[in-house]
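Q: Right, I'll just put the structure down here and ask away after.
The values are calculated or read from the model by the stated rules, or taken from the named source; none is laboratory data. Source: prediction; values computed, not measured. Every residue, glycine among them, receives a Cβ derived from its backbone with ideal geometry; neighbour counts consider all protein chains shown.
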Amino acid sequence: MAKKKKDPASDNSKETGKKGGSKLLLIIIVLLLLVIAGGAGAFFLLYSAPSDEEIAKEIQKDETPKVSSSEEPQIGITIELKPFIVNLADPKASHFLKATITLEVKDDKTKDLTEKMLPKIRNDILLLLSSQTLEDVISIEGKVRLRDEIIARVSRIIGRGRLKNVYFSQFVVQ
């Protein structure tokens, strides 16, 4: 009897089939690991974050005024200033800021003083606003710093302790 000759083509097809199967198995294992890792990540994100109730309690605690029960918070008198429109100090581009500012003062006497000193107050605020860049005023932190600086400058003009707060009723940057 004659021995059968091995066909080299048939041997290659068996090896290729084994290689293809092992690649497919490897891809399935990698995908399975990715799905498990994604599920674990989602679980930790969803269940490690504080609940809505905890967030609500924290907000309520922050908003609760720290005033004794016998003393009511006193609401000051507000003075709305005319809108400020200034060029921002950006060397690369031309940006504009339009801001309407409201001052809250302690009492009527301070309101009268503030109205008398309004040209000086507007001048200081105008110089401050025009010295800002877009990066300075675009973020919330920048707006808070700007408000604090306005409070400091106005307080120097009308006297410490007379200005209660400064509010931006309009703030547009273009």
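Q: With respect to the numbered conditions (1) at pLDDT below 90; (2) in a loop (DSSP other than H, G, I, E, B), which one is the sole condition not fulfilled by Asp136?
A: Evaluating Asp136 over (1) at pLDDT below 90; (2) in a loop (DSSP other than H, G, I, E, B) leaves (2) as the failure.
Q: Hey, among Glu149, Glu135, which residue is without any contact (Cβ under 8 Å) to a residue 60 or more places away in the chain and surrounded by fewer than 13 Cβ atoms within 10 Å (Cβ to Cβ)?
A: Selected residue: Glu135, the only one of Glu149, Glu135 that is without any contact (Cβ under 8 Å) to a residue 60 or more places away in the chain and surrounded by fewer than 13 Cβ atoms within 10 Å (Cβ to Cβ).
Q: A further question follows. Which one is surrounded by the fewest Cβ atoms within 10 Å (Cβ to Cβ) among residues in the stretch 88-105 that are out of contact with any helix residue (DSSP H, G or I) (no Cβ under 6 Å at 6 or more places or on another chain) and farther than 16 Å from Gln170 by Cα?
A: Within the stretch 88-105, the match that is surrounded by the fewest Cβ atoms within 10 Å (Cβ to Cβ) is Pro91.
Q: Moving on to the next point. Criterion first (β-branched (Val, Ile, Thr) and touching a residue at least 24 places away in the same chain (Cβ under 8 Å)) does Ile158 satisfy it?
A: So Ile158 fits the description; yes.
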